[in-house]
Every structure is written in C-alpha cells, then in structure tokens.
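The structure appears below as structure tokens.
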Amino acid sequence: MMKQELRLSGSGGQGLILAGIILAEAALYDGKNVVQSQSYGPEARGGASKAEVIISDKIINYPKVDKCDILLSLTQKACEKYINSLRPGGVLILDESVTEKPNREDIKIFSIPILDTAVNQLGKPMVANIVALGSIYELTKVVSKESLEKAVLSRVPRGTEELNKRALSEGFKLIENHKDSVYGEVC
Amino acid sequence: MPEKTVKLMQGNEACVEGAIAAGMMFYAGYPITPSTEIAELSAAKLPRIGGKFIQMEDEIASISAIIGASLTGKKSMTATSGPGFSLKQEGIGYAIISEVPCVIVNVQRGGPSTGLPTSPAQGDIMQARWGTHGEHSIITLYPSTVREIYDTTIRAFNLAEKYRTPVILLMDEVIGHMREKIEIPEENQMEIYNRKKPASNPEDYVPYKVKEDNIVPEMANFGEGYRFHVTGLIHSETGFPTNNNKIAAELITRLVNKIEDNADDIVEYEEYKLEDANEIIITYGATARSAKSAIDLLREEGRKIGMFRPITIWPVAQKQIENLAKIVNRVSVIEMNLGQYFLEIDRIAGKYTKVDKYGRVDGELITPEEIISFIKGRRG
C-alpha cells in the first residue's frame, strides 16, 4: 500500500471527525505516515461534516483529499455531494438510510445499516461512528485490527470502552452478514 | 538517542506544547475559531504546571493581560484569528514601544471582518507587518507542518525574549486544525532563551538603557523591588515620557534596528530542490505543502523547479531572495490572497528576474494541480 485516501461524510454531530482521528491514530500505530483533516460549517450540530484521512508509506505534503479511494456516507446529502470524488475502483460504504443509490458501475457499493445498528443493537446512536470504523476495517483492511482497537480505546470517553468494543465488532459483523448487499462491481 | 514520543497531534495542540516547552506560564485570550483549541489546551495544561490561564472579556483585554504578565517575568501568549488580530493591534504597538516580550498567535481565517470562520486564508500577511500604527519593525514566523509549529512556537518565545518585542506566529487553519504524525523528544532539545535581568541594584537601574554589547535593555521583573515606568509614549532611558525630538528619533531607530540589523539571526527558511533550479516558487505555510507536491510532479516531467519557503516572513529574507533572483529565470509567488507577499518579493526580485503571482481567496487550500497548471500556463 503506497497511499490510501479516505473521506468520511455525513452530518455534524455524527462523530465523523472523531472517527477520522481514530483511523489516523490506528495508521500511526501501524507505523505509517498520516494526515487527518476535516471541514465543517460554523454550526455545531447538523450541516455537512466530513473528515479526511491520508495514510501513506511516504511523506505527505498536500494534506487535503481530492479524489478518495474509500468513501463513507451516512446521509443522502453527503453521498450526493461526494460521490464524484470517489476514484474508479473505489469503495463506497453507505448507510442503509441512503435510499437513492448512486448510478456508478465503476465502484463497489456496500449498503449497510450502520445508524440502525447503533440505535437498535447497541442502544446508543452516538456509537454509529465506531460501527462505521468496524465496517471500514472489515472491508478494506486499511489499518490493522489491533491498531484500530487500540486507537478506539484510547480516544473514547472512560467508562464507554465495552460499549465501543461491541460497536466495533457489530461493525465487523455488518460486512460479514451483508456480503450480498454489494451493488456494483469493479470494472 | 533521546527518548521520543510519536503522537498524532493537531497543529493548535503542537503550538501549546511548544509554548509550554519554551516556558509559557501565562495565557490570556478570547477564544475564536480556528484558534480555539490553543485556548482550550492552555486552560487544561497551565494550571497543572503552576501557570495561569484567564479567559478575558475581549481581545484588547487579552493582549493587555499578557503584556502585564510578561512585565512580572512570566512568559506569555495569546491566540486569536483575524477579527481578534485586528483588535489586538493596539496592544501590539504598546508591546513594541515598551519592549515587552510576548507571543501573539493568529490562526488565520477568511476576512475581512468575521469573513469565513472555518475556512483557510492567508490574508493577514501585511497586517502582521503593518497592522499597528507608527514606524516599527516586527518579527513574524510562519510554520508549515505540525512539527514545525512546535519548533516555531519555541522560537517565537526565544526571539521575543532575546529582542524584547512581540513576536507574531501566523498559522493556517489547514495546519492548525489538521492532525499529523509528530515526534517530540521527551526532553526538549531546543535552546531556551530567557530575557537578561539587570545586574545592577534597584536604585541604580535605568530601565531603558542599553548597555554596551547588549541588543536591548536589561529587563527587571515587576514585584522584585525594581520600580520603573512603562508607557506607550516616547520615553527616555528612564522610562518617563518625553517630547525631545532627538530622543524620539533615537528610540524609534533603535526599536527598528534591533530587528532589521539582526535579520541574519532572525530569518529562517527552507530550500526545496533548489540545487539546479532555474525557476522557483516562493510560498509559505500550508500552500508550501501543495507547492512541494506540485514541484515533485513537475520534476518528473523534467522541469528544473524548486521552492524557497520563508519560515520567518518578517523581517523578509532579503539577501537570500536577492541571490536567488539573480540566478533563476522566474519567481512565482503563490499564496491564499491576491498578492500580498508578492509585493515584497517583487520589490526584491523584480529588478533581476520575472516575478508573477497566483492567488486564491475562496476559502479553499490551493491544490498542487492548480499550481502545476499555473506554472505550465504562464506566458511571456
């Protein structure tokens, strides 16, 4: 792996920036160079939010993500906004609530119930970001499992470790159980 | 090898770590995006090391508070963004004329006024130089990576102490908010400079007299028995105001020259792939990262292009830029404004070579692709 660029998108308050930080920290534990950045509007909740992570074996100069290899979109709006930034052959992970699937045949699309799992399986909507990280790992292996677990546990609030471990493994399972939810195939 | 910790750190966090390594013991500020993390982390860290953090009622109070704290011997810092930087200009001028060391961080955002609160811009280049009124010189540093923010913050404190002057640390939102890998030595390896305290007794202390072989007057701490007057007015060596024209001229000239005459000590820069370059980019901060990516790609196509990146933007690296201008065919100044530093570079390099500019003011970082198409598309 030379360079992987990831974009995590959704709305403010979904914890995507924290997810980006955790992913970046996991890559750091793996010994990679990494840059994590974000953009958001002036509001603290709602509005568009995205976090970006670049993982590379080489020095990273330009710190922003233009075209990405992996795109996570938790909302319809985010998906529409960023779908064209996904490289051909890239991986799109959508929350199941995104009903209008993008019309691209040159990418792999996984539609999985990330938000629903957080609410109904784990009882905490706020761990959707960790569920998403579990799924991103299971699909792409962009970081190692050990590093991801370590990074999650070092960044989540004390007392929520068990909940977040469960969220992570629910994320792994979503991919194992939804192998049939692939829409496109790499051309 | 000294022990090192490898961390994922945000630029604003590295600024606070650097400040503490430099000896910061006081922070006063009024939080503002995109600099807020600097206030938050100073609030969390300073009390643990016996320092003080105060959230002030406004920006002018903040800079006034750090000037007061510095006069008692505590190394002091405040951080802000454009709107607050405008308000702090009054205090910056006061710190210049009263020769009080302090560090003012400006994590820039789009302006004028409240502008684009969460977006990057490099619009305060000239305000850092000339924002406060009156004839003066200023030291302004401009880091480009998270690690460099750490080092440059330490250097900002050192220069403030050494030259008894406010030092401005200009930062980009892009680097203030991004996180990257940083290796920080467990024990700070950098030299820490502390202001020279008076050798004389309190009764013999002449607060603004520069002793032979010194660059600036020795500085006593308030509260240690040395009584002296501090004023924004033109003052004599005694510290008391005067209208004497000769003293006024001598003071202003000394305040300007203590910085300009020591440019060789103050100026710091990076040269990137300049060895065989016949065309160069001059840029700073976050845009320099885009320029490096662009240069790597352009070199793959055989272009002999390199970059000169000032880390000290004021005083300007006059000598170095002049020498480069004499040997290259073209200098391109790239910045997230419409040509502020370009004015300075054109003044220096324009008589030797072609100087052109590329700018962007929409709140997005200039991309390597943009730089490449600008370089390839130039005419004449």
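The values are calculated or read from the model by the stated rules, or taken from the named source; none is laboratory data. Because the structure is a prediction, the values reported are computed rather than measured. Quick reminder, even Gly has a Cβ in these numbers, built from the backbone with ideal geometry, and neighbours come from all protein chains shown.
Would you confirm, using the coordinates I've provided, whether B:Thr5 is more than 14 Å from chain A (Cβ to nearest Cβ), in a strand (DSSP E or B) and not basic (Lys, Arg)?
So B:Thr5 does not fit the description; no.
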| Say we look at the stretch A:31-51 and pick out the residues that are in a strand (DSSP E or B) and more than 9 Å from chain B (Cβ to nearest Cβ); which of these is modelled with the lowest pLDDT? | A:Ala48
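Taking the conditions exactly as written (among the hydrophobic types (A, V, I, L, M, F, W, C), under 20 Å from B:Asn12 (Cα atoms) and modelled with pLDDT of 95 or more), does B:Ile184 satisfy them or not? Even if it seems obvious, please write down each step before you answer.
Working: among the hydrophobic types (A, V, I, L, M, F, W, C): yes; under 20 Å from B:Asn12 (Cα atoms): yes; modelled with pLDDT of 95 or more: no.
Taking the combined requirement at face value, the residue does not satisfy it.
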| request: State which residue is farthest from B:Gln320 (Cα to Cα) when the search covers only the stretch B:347-371 and only residues that are outside any loop (DSSP other than H, G, I, E, B) and within 10 Å of chain A (Cβ to nearest Cβ). | output: B:Glu369
| If B:Ser373 satisfies every condition in (1) in contact (Cβ under 8 Å) with a residue 24 or more places away in the chain; (2) surrounded by fewer than 17 Cβ atoms within 10 Å (Cβ to Cβ); (3) among the hydroxyl-bearing types (Ser, Thr, Tyr) but one, which is the exception? | (1)
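Yes/no per residue for (1) within 27 Å of B:Ala121 (Cα to Cα); (2) touching a residue at least 40 places away in the same chain (Cβ under 8 Å):
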site	(1), (2)
B:Ile313	yes, yes
B:Arg330	yes, yes
B:Val333	yes, yes
B:Leu338	yes, no
B:Glu344	yes, no
B:Tyr352	no, no
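In the stretch B:232-281, what residues are in a loop (DSSP other than H, G, I, E, B) and closer than 19 Å to B:Arg164 by Cβ?
Taking the stretch B:232-281 as the starting set, the residues that turn out to be in a loop (DSSP other than H, G, I, E, B) are B:232-234, B:236-240, B:242-244, B:261-262, B:267-268, B:273-278.
Passing the criteria: B:Gly232, B:Leu233, B:Ile234, B:Ser236, B:Glu237, B:Thr238, B:Gly239, B:Phe240, B:Asp261, B:Asn262, B:Val267.
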| request: Go through (1) surrounded by fewer than 22 Cβ atoms within 10 Å (Cβ to Cβ); (2) under 12 Å from the mean Cα position of the chain (by Cα); (3) among the hydrophobic types (A, V, I, L, M, F, W, C) one by one and return the number of the condition A:Ile83 breaks. | output: (2)
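Condition test on B:Tyr358, is it within 18 Å of B:Gly123 (Cβ to Cβ) and more than 22 Å from the chain's Cα centre (by Cα)?
On the way: within 18 Å of B:Gly123 (Cβ to Cβ): yes; more than 22 Å from the chain's Cα centre (by Cα): yes.
Taking the combined requirement at face value, the residue satisfies it.
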| query | Within the stretch A:1-15, how many residues turn out to be modelled with pLDDT of 95 or more and among the hydrophobic types (A, V, I, L, M, F, W, C)? | reply | 2
| field | Elements of type strands (runs of 3 or more DSSP E) contained in the stretch B:9-98, each with 2 or more residues being among the hydrophobic types (A, V, I, L, M, F, W, C) and over 24 Å from B:Trp130 (Cα atoms) | value | B:24-29, B:52-55
| task | Being over 24 Å from A:Tyr62 (Cβ atoms), free of Cβ contacts under 8 Å to residues at least 60 places away in the same chain and hydrophobic (A, V, I, L, M, F, W, C) is the filter; apply it to the stretch B:252-302 and report the residue that is nearest to the other protein chains (Cβ to nearest Cβ). | result | B:Val267
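Of all residues in the stretch B:104-118, how many are part of a loop (DSSP other than H, G, I, E, B) and either more than 14 Å from every other protein chain (Cβ to nearest Cβ) or among the hydroxyl-bearing types (Ser, Thr, Tyr) (or both)? Break it down stepwise before answering.
Pass one, the stretch B:104-118, residues part of a loop (DSSP other than H, G, I, E, B): B:109, B:111-115, B:117-118.
The next check asks that each one be either more than 14 Å from every other protein chain (Cβ to nearest Cβ) or among the hydroxyl-bearing types (Ser, Thr, Tyr) (or both); those that pass are B:111-114, B:118.
Of the residues in that region, 5 qualify.
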| task | Within the stretch A:141-173, track down each residue that is in contact with a strand residue (DSSP E or B) (Cβ under 9 Å, 6 or more places away or on another chain) and at pLDDT below 95. | result | none
| task | Kindly check whether there is at least one residue in the stretch B:43-57 that is crowded, with 22+ Cβ neighbours inside 10 Å and either modelled with pLDDT of 95 or more or under 19 Å from the mean Cα position of the chain (by Cα) (or both). | result | no
| message | Residue pairs, Cβ under 7 Å, 6 or more apart or interchain, first in the stretch B:209-234 and surrounded by fewer than 15 Cβ atoms within 10 Å (Cβ to Cβ), second among the polar types (S, T, N, Q). List them. | response | B:Gly223/B:Thr72; B:Thr231/B:Ser98
| said: I need the full set of residues from the stretch B:172-192 which are under 19 Å from the mean Cα position of the chain (by Cα) and under 15 Å from B:Glu364 (Cα atoms), in order please. | reply: B:Asp172, B:Glu173, B:Val174, B:Ile175, B:Gly176, B:His177
